[in-house]
Amino acid sequence: MDAKNELYPLVSVISVNYNQAQITIETIESLQKVSYPNLEIIIVDNASKEDPEVIVQQCPNIKFIRSDKNLGFAGGNNLGIKEARGEYVLFLNSDTEVDKDFLQPLVNLLENNPNIGIVSPKLVYFFSENKNLVQYAGSNHINLFTARGSTIGFKQQDNESFNHTIETNLPHGAAMMLPMRVIREVGLMPEIYFLYYEEHDWAHMVMRNGFKIYYCGTSTVYHKESMSVGKNNPLKVFYMNRNRLIFVRRNAKPLIAVISFLFYSFVALPVNVLKFLLKGEMKFISKIIQAYFWNITHCKVKVNPYLNEQNEIIYANFK
């Protein structure tokens, strides 16, 4: 084995591009400056409408995969996994930039703790003043009755109190690292969601297999947040509302799932509709109702985490 590989196991960094080539290039350029000496960068283009070839032209020393259709967040990352050679796989949003020394603490943590299945670094808002506003410093559980969770440190000033490394409840999908052996044991990221909630579901799959989730505060990633989808658009409203119900169906016991659906039907849905109505945002109302009825018309779809046929087919090919 190469001496460098013994000291520095290969890390495969996977990032999905969709119609934001220049932002993705900035992410790649940031990664190319890191101090960790053994990594490969894999960019998956999710059938962008704009020509992504500029990425390859400006960043030739990467693996570039172009999908002929938009596979969603999970599908794009799963496509990258099948090309990854690393002992560890880092999933990194294409709207991020990184500290030059951010990777070594993540590798060290996983090397020394084989029971850790996922670790996420500290996430800081890129466009905050002095890049000093925290987005993620760990997470609380998702409440299966409401399908809502919260992140620790959200919109607080970055200071030494967030520099610790601790077990947490959920990773952040914008930056999370897994050992390849865990992916092979647990399976690929569930693709039923297309966008949003898939990393939370994957984390539950990881924990059901006996692994832990960790937050590493000595590693920092700067997030430009929602560059590809937008902070507030109909697509986001649809998937956030559709997928919160899917998440409960896949992870809650039947009685809790029923109570959660009733809560959404008679509390969350009316409140959100009223909120958008008062703002005159009718396009959001139609999307939130569409998301609700998707779960009714697809009530027989196999969404149980152990019966995800789509994921099983992809995983069979991967193994």
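The values are calculated or read from the model by the stated rules, or taken from the named source; none is laboratory data. The structure presented is a predicted model; accordingly, all values stated were derived computationally and were not measured. Please note: Cβ atoms are built from the backbone with ideal geometry, for glycine as well, and neighbour counts cover all protein chains shown. For the accessible areas, the whole protein counts, side chains as well, though only heavy atoms, and no ligand, DNA or RNA atoms are used. Shrake-Rupley method; radii C 1.70, N 1.55, O 1.52, S 1.80 Å.
Relative to its Kirkwood radius, the Cα radius of gyration of the stretch 1-129 gives an Rg/Rh of 0.96. At the listed q of 0.28 Å⁻¹, the Debye profile of the stretch 158-227, built from one uniform point per Cα, gives log10 I(q)/I(0) equal to -1.36. Per residue, the accessible area of the chain comes to 46 Å², computed with a 1.4 Å probe over protein heavy atoms only. Taking amide hydrogens as placed 1.01 Å from N in the peptide plane, the amide H of Leu71 sits under 5 Å from those of Gly76, each at least 5 positions away in sequence or on another chain. Every pair of different Cα atoms in the chain enters the Kirkwood calculation, which places the hydrodynamic radius at 20.3 Å. Our summary of shape: the Cα atoms of the stretch 142-272 have principal axis extents of 43, 35, 27 Å, ordered from largest down, in whole angstrom. Each DSSP beta bridge with both residues in the chain is either parallel or antiparallel, and the antiparallel ones are about 45%. A simple spin-label model places pseudo-atoms 7 Å from Cα toward Cβ; at Leu269 and Gln156 they are separated by 3.7 nm. Using the empirical formula 2.2 N^0.38 Å as the baseline, the Cα radius of gyration of the stretch 54-213 reaches a ratio of 1.06.
Within the set of other residues whose C-beta is less than 12 Å from the C-beta of Ala174, count the net charge using Lys and Arg as +1 and Asp and Glu as -1. Charge balance in the 12 Å sphere: -2. Protein-only accessible surface at a 1.4 angstrom probe places the residues Lys69, Lys131, Lys224, Lys253 in the order Lys253, Lys69, Lys131, Lys224, largest first.
Which entries in the list Lys49/Lys287; Lys155/Lys275; Lys33/Lys212; Lys49/Lys236 go over 25 Å, if you measure between the two C-alpha atoms of each? Distance filter (> 25 Å) returns Lys33/Lys212. Each of Phe154, Met282, Pro114 was scored by the projection of its Cα onto the charge dipole of the chain, and the greatest displacement toward the positive side belongs to Met282; charges sit on the C-beta of Lys, Arg, Asp and Glu. Amide H to amide H distances under 5 Å link Leu39 with Val11, where only residues 5 or more positions off or on other chains count and H is placed in the peptide plane.
Using a 1.4 Å probe and counting only protein heavy atoms, arrange Phe91, Phe145, Phe194 so the residue with the most accessible area comes first.
Phe145, Phe194, Phe91
The magnitude of the dipole of the stretch 84-178, with charges of +1 and -1 set on the Cβ of Lys/Arg and Asp/Glu and taken from the Cα centre, is near 280 debye. If you take the Cα centroid of the stretch 124-150 and the Cα centroid of the stretch 152-215, the two points sit 12 Å apart. In whole percents, the pair-distance distribution calculated for the stretch 228-275 from its alpha-carbon pairs, binned every 10 Å from zero, is 24, 47, 25, 4. For Lys69, a cut-off of 15 angstrom between C-alpha atoms picks up these aspartates and glutamates, skipping any fewer than 8 places away in its own chain: Asp45, Glu50, Asp51, Glu191. By a 1.4 Å probe calculation restricted to protein chains, Thr218 has an accessible surface near 80 Å², given to the nearest 10. If you take all other residues with their beta carbon under 14 Å from the beta carbon of Ile42, and give Lys and Arg +1 and Asp and Glu -1, the sum is +1. Taking a sphere under 15 Å around the Cβ of Thr96 and counting the other residues whose Cβ falls inside, with K and R at +1 and D and E at -1, yields a net charge of -2. For Leu71, the solvent-accessible surface computed with a 1.4 Å probe is close to 40 Å², ligands and nucleic acids excluded.
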